[in-house]
Amino acid sequence: MEIESLQLGRYGVAGRSGTTAATIDHCYGALFNPHATKDIFVILATYAKITGSQTTYAQRTSTRGTVGSTVTPDIDNDFDRLLAPISGAVLDLAAYSVQPTRQGPDCFRFINAQSNAGVIHELWFGDLGLRIPAGTGLGVFQGTAAAGQCDLTFIWDE
């Protein structure tokens, strides 16, 4: 008897944040997993600063916050174009009126000089990915009090 291998669906979503307030720790955007029980695994996250010059960081979130806009992935975001994300994962984009709740220490921190606007930062989490448990997310935040905007991309398996 032949055993079929388990194949996860791979998804990608991207969007441009709104301009954040000139306040420390404002979120540009976050991939949020609203499912009650299903985990997702982020393989790659990228962001490119469009405007602004400040420190930025990626951090896990335990709440979604109140977001200004959302990109809801569908079957078109499936690399194989077979199924919409079962998790219902969404890309939330600023401007947030209530920020997501940050968990623990920063995952990664970057410094951007004004002359480096447009530089792409890639967070590759390996073949297994970074587990984003049900009801949590992964956000990109500004670390200094300066307004800014960026493009975000997340690729994940579920």
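The values are calculated or read from the model by the stated rules, or taken from the named source; none is laboratory data. What you see is a predicted model; the values in this text were computed from it and never measured. We place every Cβ from the backbone using ideal geometry, glycine too, and count neighbours over all the protein chains shown.
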Name the single residue that is surrounded by the fewest Cβ atoms within 10 Å (Cβ to Cβ) among those in the stretch 23-41 being out of contact with any Ser or Thr (no Cβ under 9 Å at 6 or more places or on another chain) and part of a strand (DSSP E or B).
41
Would you pick out the residues in the stretch 42-85 that are over 20 Å from residue 125 (Cβ atoms), surrounded by fewer than 20 Cβ atoms within 10 Å (Cβ to Cβ) and touching a residue at least 60 places away in the same chain (Cβ under 8 Å)?
50, 51, 53, 55, 80, 82, 83
Can you say whether residue 23 is touching a Gly at 6+ places or on another chain (Cβ under 6 Å) and farther than 17 Å from residue 135 by Cα, as far as the supplied structure shows?
no
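If a residue has to be assigned to a strand (DSSP E or B) and within 17 Å of residue 9 (Cα to Cα) to count, how many in the stretch 121-150 make the cut? Let's see the steps before the verdict.
As a first pass, look at the stretch 121-150 and keep what is assigned to a strand (DSSP E or B): 121-124, 130-132, 136-142, 149-150.
Now narrow it down to the ones that are within 17 Å of residue 9 (Cα to Cα): 130-132.
Final tally of qualifying residues: 3.
Identify all residues within the stretch 59-82 that are aliphatic (A, V, I, L, M) and modelled with pLDDT of 95 or more; write none if there are none.
71, 75, listed by residue number.
Please work out if residue 135 is small (Gly, Ala, Ser), buried (at least 18 other Cβ atoms within 10 Å of the Cβ) and either closer than 22 Å to residue 64 by Cα or at pLDDT 95 or above (or both).
Values: small (Gly, Ala, Ser): yes; buried (at least 18 other Cβ atoms within 10 Å of the Cβ): no; either closer than 22 Å to residue 64 by Cα or at pLDDT 95 or above (or both): yes.
Considered against the rule, which asks whether it is small (Gly, Ala, Ser), buried (at least 18 other Cβ atoms within 10 Å of the Cβ) and either closer than 22 Å to residue 64 by Cα or at pLDDT 95 or above (or both), residue 135 comes out as no.
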Selection from the stretch 21-53 of residues that are under 17 Å from residue 91 (Cα atoms) and hydroxyl-bearing (Ser, Thr, Tyr):
28, 46, 47
From the set of residues in the stretch 87-105 that are part of a strand (DSSP E or B) and β-branched (Val, Ile, Thr), which is modelled with the highest pLDDT?
90
